[in-house]
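Here the structure is laid out as structure tokens; the discussion comes afterwards.
The values are calculated or read from the model by the stated rules, or taken from the named source; none is laboratory data. If you're wondering where the values come from, they're calculated on a predicted model, not measured in any experiment. Cβ sites come from the backbone with ideal geometry, for glycine too, and all protein chains shown count toward neighbours. Heavy atoms of the whole protein, side chains included, go into the accessibility calculation; ligands, DNA and RNA do not. Shrake-Rupley method; radii C 1.70, N 1.55, O 1.52, S 1.80 Å.
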Amino acid sequence: MGGMRGLLVLATALMLFPAASAHTSANRPVALVAAETANEVLAVSLGPHGGRILKRVHLADPLMVAAPLHGPAVVLDPHGTVTLLGWHSLRPIRVFRGFSDPQVARIAPGDRFAYVADGGSGEISVIDLLRRRIVDRVRVGLRAHHMAFSPDGRRLWIALGEVARTVVRLDTSDLARPRVAGRLHPRFPSHSVGFAPDGRTVWLSSARAPYVTVYDTATRRVVKVIRAGRAPQEVAFSGARALLTSGYGSSIQTVRWRTYRRLRRVPMPYGSFNLATFGGQVVTTSLFTGQVVELEAGTLRRFWTAKVAPATRYVAISVWPR
């Protein structure tokens, strides 16, 4: 019986994560975009000739999408539904109901677990993507919103609100059973959270002031305040660079995350709040214009811009077979 159970788990893993054991150069990156007002999740081609819609799936009010490179996408509906979409098929394979106000999802390092922040209940729900079930919930506080894992997956910081005066720290050394480790009250009300690639600092963007504040993860003390664009929203990393968006300032800029040296800022479509990185590329989406942009992360050279919907919110990167 135990052997049969093991075979079933293995079969499920191969269905959910088929490319994990067959990653080849024939695979192609695809941007998964939440087109909320169009009630669709779109798969958009990337690369020098990107910008084409490869696939679309109808979902009511898809606010946010998160995905591992190989595996099911997690789509949040702010009215209380979390849907898993099959890898590259985009067919719904599981629907979780009963959430209050799910706002943000993040895939934990290792791609086995997804964490969902429910702002209405103040809980973080842990979804086992392999078994397609919720395995734990931990209460962190109302308005739970943006969050980020450390590169080793052992820590998670969560901003309580889009204008957060409290950031909660979780111990995620057991990804299936997180626990609250402490709280931080940032110098400026914060919006987004990002761990530097070495895990030694956490970058908190400001919801209102033109700053990003860098904290030492061990001491929780401020080590640097970086002047950024107007109310910088999202923080991401690619190689030696941190990428900071300013949707209201219509720009994106790069900073060397080790030295904090500001490098370059380029104009972007108005409302380009959200971004995702993969390899040496970065993809942004505009909430106000519905445009998706792909750039080279190092130089911020733009490859293409495409309007794919009236409005585009979050974006995630998946890898599909050609």
* 5 angstrom amide H check on G290, placed H, neighbours 5+ away -> T312
* Structure fact -> Phi-derived 3J(HN,Hα) across the range 293-303 with the Karplus relation (6.51, -1.76, 1.60, θ = phi - 60°), rounded Hz, x for Gly and Pro, is 10, 10, 10, 7, 5, x, 9, 6, 6, 7, 8
* Accessible area (Å², per residue) of the chain, counting only protein heavy atoms and a probe of 1.4 Å -> 42
* Asked: Could you give the distance between the Cα centres of the range 86-149 and the range 159-224, to the whole Å?
  -> 19
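How would you classify the range 63-197 from its alpha-carbon gyration tensor, with a ≥ b ≥ c the square roots of the eigenvalues: rounded for a/c under 1.5, else prolate if a/b is greater than b/c, otherwise oblate? Let's see the in-between values first.
Details: a/c = 1.77, a/b = 1.42, b/c = 1.24.
Taking the square roots of the gyration eigenvalues as a ≥ b ≥ c, the range 63-197 is prolate.
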* **Per-residue HN-Hα couplings for the range 179-192 [Karplus 6.51, -1.76, 1.60; θ = phi - 60°; Hz; x = Gly/Pro]** => 9, 6, 10, x, 9, 9, 10, x, 4, 10, x, 9, 10, 10
* To do: Arrange the peptides 212-221, 278-287 so that the one whose residues have, on average, the most other Cβ atoms within 10 Å appears first.
  => 278-287, 212-221
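Would you please give the FRET efficiency between N39 and E296, computed as 1/(1 + (r/R0)^6) with r the Cβ-Cβ distance and R0 = 45 Å, to the nearest 0.05? If you can, show how the numbers build up before the last one.
Details: r = 32 Å, r/R0 = 0.72.
Calculated value: 0.90.
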* Asked: So, with a 1.4 angstrom probe, what is the percent of accessible area on the chain that is carbon and sulfur?
  -> 50
* Structure fact -> For the range 221-232, in residue order, the Karplus 3J(HN,Hα) values (coefficients 6.51, -1.76, 1.60; θ = phi - 60°; whole Hz; Gly and Pro = x) are 9, 6, 10, 6, 10, 9, 6, 10, x, 4, 6, x
* V308: net charge of surrounding residues, Cβ under 10 Å, Lys/Arg +1, Asp/Glu -1, itself excluded? -> +2
* Asked: Which net charge results when you count Lys and Arg as +1 and Asp and Glu as -1 among the other residues whose beta-carbon is under 13 Å from that of L295?
  -> +3
* Long-range amide H contacts for A181: which residues qualify at under 5 Å (H placed 1.01 Å from N, peptide plane, sequence gap of 5 or more or a different chain)? -> R169, L170, D171
* What residues qualify as long-range amide H neighbours of G51, i.e. H under 5 Å apart, gap of 5 or more or another chain, H built at 1.01 Å from N? -> S45, L46
